[in-house]
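Below: one structure, written as structure tokens.
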Amino acid sequence: MSKSTTVTTEEKTKTFSVRFLIALLLIVAGIGWLVFYYAQARGNPLAFPPVKGSPKAVADLERWNYVIGFGLLMLGLVVSAHPSTPLGRGRGVVVGMLGCFLVGLIWICTFYVFSDDLSSLWILNDLGQWNLVVGIAFMAVGFSFATKWE
């Protein structure tokens, strides 16, 4: 008995499907949000007195900016784990799965190795123990790719 697939062969051969473009947009938006918040809206909390960032609406969200940025990034990766995207079929599934597993592992290991002084590591220095959640989230996205592996 063969497996039935819902994705047609035409969808499998297209490199740039709508789903792929949405996934790419979400990933870029998540990374962009994180960079914008850290570089501009966060300000300088280490200055005396602390310097507030701008725009005020984004700066007032404080750590929720990391939830938004990493949430968009992870959602984009999960959306890309579909047979209509290059990462959701063939070798792309293995690349996506192992990539997410390794990024999560490296994120957690980096946090543990440098946990005594995180001041020189971007983003990790603001998150503290939440770095573990970020690393585990990358691994969870890796499992979403693992469910597509045949």
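Quick note: the coordinates plus some simple rules give every number you see, no bench work behind them. Because the structure is predicted, anything quoted here is derived from the model rather than measured. FYI the Cβ positions are ideal-geometry reconstructions off the backbone, even for glycines, and counts take in every protein chain you see.
Dipole of the chain computed with +1 at Lys/Arg Cβ and -1 at Asp/Glu Cβ about the Cα centre; of G43, W122, G30, farthest Cα towards the positive end is G30.
Taking amide H as placed 1.01 Å from N in the peptide plane, the amide H of R89 sits under 5 Å from none that are at least 5 places away or on another chain. Helix 91-113 sits at what angle to the longest principal axis of the chain, using alpha carbons and giving 0 to 90 degrees rounded to 10? Here the helix axis deviates by roughly 20 degrees. Does anyone have the angle between helix 18-36 and the longest principal axis of the chain? Alpha-carbon axes, 0 to 90°, nearest 10? Helix 18-36 sits roughly 10 degrees off the main axis of the chain. Per residue, the convex hull spanned by the alpha carbons of the chain comes to 119 Å³.
Note on L21 and R91: the model spin-label points, each 7 Å out from Cα along the C-beta direction, lie 2.7 nm apart. Think of it as helices only: each DSSP H run of n ≥ 4 in the chain is worth -39500 (n - 2.57), and spread over all residues that comes to -18500 deg cm²/dmol at 222 nm.
When the chymotrypsin sites (Phe, Trp or Tyr not before Pro) in the stretch 46-119 are filtered for DSSP coil states and for at most 16 other beta-carbon atoms within 10 Å of their beta-carbon, the remaining sites are F114.
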